[in-house]
Amino acid sequence: MDAGKRNAFVVSVGDLLASWNLPHATGRVYGLLLVSETPRSLDEIAAELALSKAAVSTAVRQLDSWGLARTIPQPGSRRLLVEAAGGIASLLEASHARARTLIAALREGEDLVGPGPARRRLQDVIGLFSGYVDVGSELLAAYRRQQERREDD
């Protein structure tokens, strides 16, 4: 992959994850890890993305907490290598968990209103988020089945 296309991809992933309320730097680090053939050191990542080592370290911790990256300790050294892990499925699962929490809160709100426009609005929003979770769960299940078939081959 040429450097220009690689950079455009990294920025694009940064933009995407920023739209999901993750810092742009975190998305850029994830984008770089996705197209890296081997695990990278924090120093390498910082240099390639023109970020501070502290920003990269924070990004890696965030990615690790989302299941999108894993760190590989180096024996006899404090140095860590980082590689992409899991994938976007982890983000979707986390998004579904947040949506389920929202659905539960909205359902509690139904007890606060009688029949009428407010109840219909709540039910519409509950229906929308429930549909999102249901469809997303089906998509993730199909994705996992595909991954299992790939591992069996």
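The values are calculated or read from the model by the stated rules, or taken from the named source; none is laboratory data. As the structure is a prediction and not an experimental result, all values here were calculated from the model. Here the Cβ positions follow ideal geometry from the backbone for every residue, glycine too, while neighbour counts run over all protein chains shown. The accessibility values were calculated without ligands, DNA or RNA, using every heavy atom of the protein model including side chains. Shrake-Rupley method; radii C 1.70, N 1.55, O 1.52, S 1.80 Å.
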Query raised in the report: Given the C-alpha centroids of region 1-24 and region 92-153, what is the distance between them in whole angstrom?
Result: 27 Å
Report summary line: Amide H neighbours of LEU81 at under 5 Å, excluding residues fewer than 5 places away on the same chain, with H built from the backbone geometry, are ILE72, GLN74
Report task. Note down the magnitude of the dipole of the chain about its Cα centre, charges +1 on Lys and Arg C-beta and -1 on Asp and Glu C-beta and zero elsewhere, to the nearest 20 debye. Result -> 320 debye
Requested in this report: Using +1 at the Cβ of each Lys and Arg and -1 at the Cβ of each Asp and Glu in the chain, identify which of GLY136, LEU34, ALA47 lies farthest towards the dipole's positive end.
Outcome: ALA47
Query raised in the report: What accessible area per residue comes out for region 1-132, rounded to a whole number of Å², with a 1.4 Å probe?
Result: 58 Å²
Query raised in the report: How about region 36-83: which GluC sites (Glu not before Pro) there lie in a loop by DSSP and see at most 16 other Cβ atoms within 10 Å?
Result: GLU37
Report summary line: Note, region 26-32: 3J(HN,Hα) by Karplus (6.51, -1.76, 1.60, θ = phi - 60°), whole Hz, Gly/Pro = x, goes 4, x, 5, 4, 4, x, 5
Query - Amide H contacts under 5 Å for ALA69, placed H, 5+ residues apart - result: ASP64, ALA85
Query raised in the report: Given a cut-off of under 8 Å on Cα pairs at least six residues apart, what relative contact order in percent is computed for region 1-78?
Result: 23 percent
Query raised in the report: Helix-derived [θ] at 222 nm for the chain: sum -39500 (n - 2.57) over DSSP H runs of at least 4, divide by residue count, nearest 500?
Result: -23500 deg cm²/dmol
Requested in this report: For a quick protection proxy, order the peptides 16-26, 127-137 by their average other-Cβ count within 10 Å, most packed first.
Outcome: 16-26, 127-137
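With +1 on each Lys and Arg Cβ and -1 on each Asp and Glu Cβ, how big is the dipole of region 65-147 about its Cα centre, in debye rounded to the nearest 20?
Charge dipole, region 65-147, about its Cα centre: 320 debye, nearest 20.
How many percent of the accessible area of region 14-153 is carbon or sulfur, using a 1.4 Å probe?
For region 14-153, the apolar C and S fraction of the accessible surface comes to 54 percent.
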